[in-house]
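Notes to accompany the following structure.
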Amino acid sequence: MLNNDQRAALAQAIERGPIPYLDGAVLWRLFDLAQWLWEEFRVSVSEQTLAAKCAQWATADSQLARGI
């Protein structure tokens with residue numbers, strides 16, 4: 001789905017939040033993130049896949065932070 005550089009860029013975008021005049025949103029929705037991925041990398045990802053992957057990454061990151 002995403003390579004490591006694309007995943008890092010997506011994580012940065014999520015952390016900084018959208019810039020309304022650039023991203024056309026004031027809060028990230030899955031639709032907006034999927035559109036952002038297309039505009040930045042020409043990678044097409046469904047909202048369902050993006051939701052599942054974000055949940056996996058969040059779980060993995062929290063386990064890593066706790067040392068599991």
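Where a number appears in this text, it was derived from the coordinates with a stated rule and is not lab data. Only a predicted model underlies this, so the values are computations on that prediction, with no experimental measurement involved. Backbone-built Cβ (ideal geometry, glycine too); neighbour counts: all protein chains shown.
Structure values in brief
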read-out: Per-region count, segment 29-41, residues surrounded by 15 or more Cβ atoms within 10 Å (Cβ to Cβ) and either under 19 Å from residue 55 (Cβ atoms) or of a type in the set (Lys, Arg) (or both); value: 6
read-out: Tabulated pairs, segment 34-47, first over 14 Å from residue 24 (Cβ atoms), second aromatic (Phe, Trp, Tyr) and surrounded by fewer than 15 Cβ atoms within 10 Å (Cβ to Cβ), C-beta under 7 angstrom, 6+ apart or interchain; value: 44/38; 47/31
read-out: Residue that is surrounded by the most Cβ atoms within 10 Å (Cβ to Cβ), among those in segment 2-26 that are part of a helix (DSSP H, G or I) and of a type in the set (Gly, Ala, Ser); value: 13
